[in-house]
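Note sheet for the following structure.
Just so it is clear, none of the values below were taken in a lab; they were calculated from the coordinates. The shown structure was predicted, so the numbers you read here are calculated from the model rather than taken from an experiment. Note that each Cβ is placed from the backbone with ideal geometry, even for glycine, and that neighbours are counted across all protein chains shown.
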Amino acid sequence: MSEQTTTPQDAGPPKDPSTAMVRAETVHKSYGPIEVLKGIDLEVRQGEVFVLVGPSGSGKSTFLRCINHLEKINAGRLWVDGELVGYRQKGDRLYELKDREVAQKRRDIGMVFQHFNLFPHMTTLENVMEGPVQVKGESKADAKERAMRLLERVGLADKPRSYPSQLSGGQQQRVAIARALAMEPKLMLFDEPTSALDPELVGEVLDVMRGLAEDGMTMIVVTHEMGFAREVGDALVFMDGGVVVEAGHPREVLANPRHERTKAFLSKVL
Ligand code: ADP
Ligand code: MG
């Protein structure tokens, strides 16, 4: 079978000219006739904590799914770490990635969801070891050593043998973060990681995320936690109806929103 060359989306230079970790240029995404992303432009720099906020249905999760190869964009261009998502470049030609290659790319991106999605029949330790052993073929001894270090990092060194059902929501979410980190991602995506937690458990998860930020991890965080955005965020984008309405430094946007839609949204979450 010969390889298909394609010209993705618009013509133009495929290489990301910047050193951004994520770069979106007029990204469009539709589900059938419904356009969910209507031309997203943004840039997430290396080492940055990039906060994405907006009302329900504005396309935040869809955008994260596009970055993580779970959805294909319909138009525009999207790069992760300098490479067009979904394509491989050979000379000046682009080839659509095969499923196996997509799986390879996805290893570099960690994702943490609102619902922790741990394997219920596995212990904490087994959950964190699973990816490195099954996907990367790492030895159990190495995976265990790293998993224990990561559990320590998320404050759960005393829980390696607990099952998810024996942990609080905050603890489960910290295991989920450790599990994502075990794959040594270069980018972490957080989709409302504290939205399902009881209020008293939110802080312990945000503290782990703050630690990651201090260690230089590049993170895109969808959240309604504006305190976290203000204190930890380097950039903030407010999305509504599939477009970027406003962007800037979190402290600036939160203190001084320019657009009515941003003001209306912030008045509900602040
Ligand atoms: P947010 O995360 O900001 O709440 P989403 O990205 O989840 O927004 O959803 C944006 C819009 O896209 C919503 O109207 C949602 O119903 C729609 N949508 C999301 N996923 C799908 C899908 N797989 N098929 C059809 N519509 C979808
Ligand atoms: Mg969402």
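Quick check on my filter: what residues within the stretch 167-193 are free of Cβ contacts under 8 Å to residues at least 40 places away in the same chain and either of a type in the set (A, V, I, L, M, F, W, C) or part of a loop (DSSP other than H, G, I, E, B) (or both)?
Taking the stretch 167-193 as the starting set, the residues that turn out to be free of Cβ contacts under 8 Å to residues at least 40 places away in the same chain are 168, 170-171, 174, 184.
Scanning the stretch 167-193 gives Ser168, Glu184.
What are the residues in the stretch 136-183 that are at positive phi and either buried (at least 18 other Cβ atoms within 10 Å of the Cβ) or over 23 Å from the mean Cα position of the chain (by Cα) (or both), if any?
Of the stretch 136-183, the ones at positive phi are 137, 155.
If the condition is that a residue be at positive phi and either buried (at least 18 other Cβ atoms within 10 Å of the Cβ) or over 23 Å from the mean Cα position of the chain (by Cα) (or both), then Gly137 is the only one that fits.
Within the bounds of the stretch 174-191, is there any residue that is within 18 Å of Met217 (Cβ to Cβ) and among the acidic types (Asp, Glu)?
Yes, because at least one residue in the stretch 174-191 is within 18 Å of Met217 (Cβ to Cβ) and among the acidic types (Asp, Glu).
Among the criteria (1) of a type outside the set (Phe, Trp, Tyr); (2) at positive phi; (3) crowded, with 18+ Cβ neighbours inside 10 Å, the one Gly39 does not fulfil is (3).
Scanning the stretch 115-166 for residues that are in contact with a Leu (Cβ under 7 Å, 6 or more places away or on another chain), within 19 Å of Leu201 (Cα to Cα) and not in a helix (DSSP H, G or I) gives Ala157, Lys159.
Within 16 Å of ligand 1 (Cβ to nearest atom) and either touching a residue at least 40 places away in the same chain (Cβ under 8 Å) or surrounded by 14 or more Cβ atoms within 10 Å (Cβ to Cβ) (or both): does that describe Gln114? If you could, list the steps in order and put the result at the bottom.
Values: within 16 Å of ligand 1 (Cβ to nearest atom): yes; either touching a residue at least 40 places away in the same chain (Cβ under 8 Å) or surrounded by 14 or more Cβ atoms within 10 Å (Cβ to Cβ) (or both): yes.
Against the criterion (within 16 Å of ligand 1 (Cβ to nearest atom) and either touching a residue at least 40 places away in the same chain (Cβ under 8 Å) or surrounded by 14 or more Cβ atoms within 10 Å (Cβ to Cβ) (or both)), Gln114 qualifies.
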